[in-house]
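Trainee: Take this structure, written in structure tokens, and hold onto it; I'll ask about it next.
The values are calculated or read from the model by the stated rules, or taken from the named source; none is laboratory data. Being a predicted model, the structure only gives us computed values, none of them experimental. Cβ: placed from backbone, ideal geometry, glycine included. Neighbour counts: every protein chain shown. These accessible areas exclude ligands, DNA and RNA; they are computed on the full protein's heavy atoms, side chains included. Shrake-Rupley method; radii C 1.70, N 1.55, O 1.52, S 1.80 Å.
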Amino acid sequence: LRARRDRYELADPHLRLWLAIVAPNRARLQAGGGAEVWARLRETTWPSQVLGSRWESVSRAHLARVGEERAGPFDAVGATTVPDRVLRRSHEVDLVAMRGGRIAALGEAKLRTLGASDLDRLLRIRDLLDAPDAAIVLASVAGVDPSLTTRPDLIAIDPADVYT
């Protein structure tokens with residue numbers, strides 16, 4: 001897998017908050033419009049550009065650290081984009097773990113509950129990548145549909161796993 005563009009992750013949560021929320025709204029914030037700015041951004045920019053990207057990063061670090069318990073040791077864990085010529089689109093993959101030059105695991109990291117449609121999407125991507133033995137990882141702040149967790153090829157990650 002090759003990245004088509006560089007991917008930067010801001011490790012400093014204060015800088016992420018500044019760049020996503022404060023800087024673009026600085027004039028309104030300085031004019032006393034904090035409540036209005038927050039009301040406008042708390043359901044869009046805050047989860048997508050601040051919390052979501054942080055959860056993806058934390059999930060990748062967790063998978064790199066403890067993923068070998070379920071899927072064996074990984075050489076690298078990152079993210080990528082996978083083209084789908086049939087559907088004429090590309091799929092962003094939040095979690096990709098490599099071992100020996102092959103894909104060992106791939107998955108999603110989201111703030112929302114992950115369910116069957118997310119699993120189906122990842123199974124399609126696994127087929128596109130010709131990685132039938134790759135584990136599927138569902139990392140969710142809100143939880144994973146319990147009916148999916150019985151799959152032997154599924155690794156479910158939640159905040160309790162990461163932060164304990």
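Trainee: Which condition does residue 153 not pass, out of (1) over 14 Å from the mean Cα position of the chain (by Cα); (2) modelled with pLDDT of 95 or more; (3) acidic (Asp, Glu), if it passes all the others?
Mentor: It fails just one condition, (2).
Trainee: If you check residue 114 against the conditions, is it buried (at least 20 other Cβ atoms within 10 Å of the Cβ) and not aromatic (Phe, Trp, Tyr)? Give the steps one after another, and end with the answer.
Mentor: Numbers: buried (at least 20 other Cβ atoms within 10 Å of the Cβ): yes; not aromatic (Phe, Trp, Tyr): yes.
In short, yes.
Trainee: Failed condition for residue 48, given (1) touching a strand residue (DSSP E or B) at 6+ places or on another chain (Cβ under 7 Å); (2) open to solvent by 20 Å² or more (accessible area, probe 1.4 Å); (3) of a type in the set (S, T, N, Q), with all others met?
Mentor: The one condition residue 48 does not meet is (1).
Trainee: Let me ask something else about it. Which of the residues belonging to region 51-67 are over 12 Å from the mean Cα position of the chain (by Cα) and either surrounded by 16 or more Cβ atoms within 10 Å (Cβ to Cβ) or over 17 Å from residue 159 (Cβ atoms) (or both)?
Mentor: Listed by number, the residues that qualify are 64, 67.
Trainee: Give me a count of the residues in region 84-101 that are assigned to a strand (DSSP E or B), free of Cβ contacts under 8 Å to residues at least 60 places away in the same chain and out of contact with any helix residue (DSSP H, G or I) (no Cβ under 7 Å at 6 or more places or on another chain).
Mentor: Of the residues in region 84-101, 4 are assigned to a strand (DSSP E or B), free of Cβ contacts under 8 Å to residues at least 60 places away in the same chain and out of contact with any helix residue (DSSP H, G or I) (no Cβ under 7 Å at 6 or more places or on another chain).
Trainee: Criterion first (open to solvent by 10 Å² or more (accessible area, probe 1.4 Å) and under 28 Å from residue 49 (Cα atoms)) does residue 138 satisfy it?
Mentor: no
Trainee: Let me ask something else about it. Please go through region 102-122 and give me each residue that is under 15 Å from residue 135 (Cα atoms), of a type in the set (A, V, I, L, M) and not in a strand (DSSP E or B), ordered by number.
Mentor: Those that are under 15 Å from residue 135 (Cα atoms), of a type in the set (A, V, I, L, M) and not in a strand (DSSP E or B): 119, 122.
Trainee: Of the conditions (1) outside any loop (DSSP other than H, G, I, E, B); (2) open to solvent by 70 Å² or more (accessible area, probe 1.4 Å), residue 11 satisfies every one except a single condition; which number is it?
Mentor: Of the numbered conditions (1) outside any loop (DSSP other than H, G, I, E, B); (2) open to solvent by 70 Å² or more (accessible area, probe 1.4 Å), the odd one out for residue 11 is (1).
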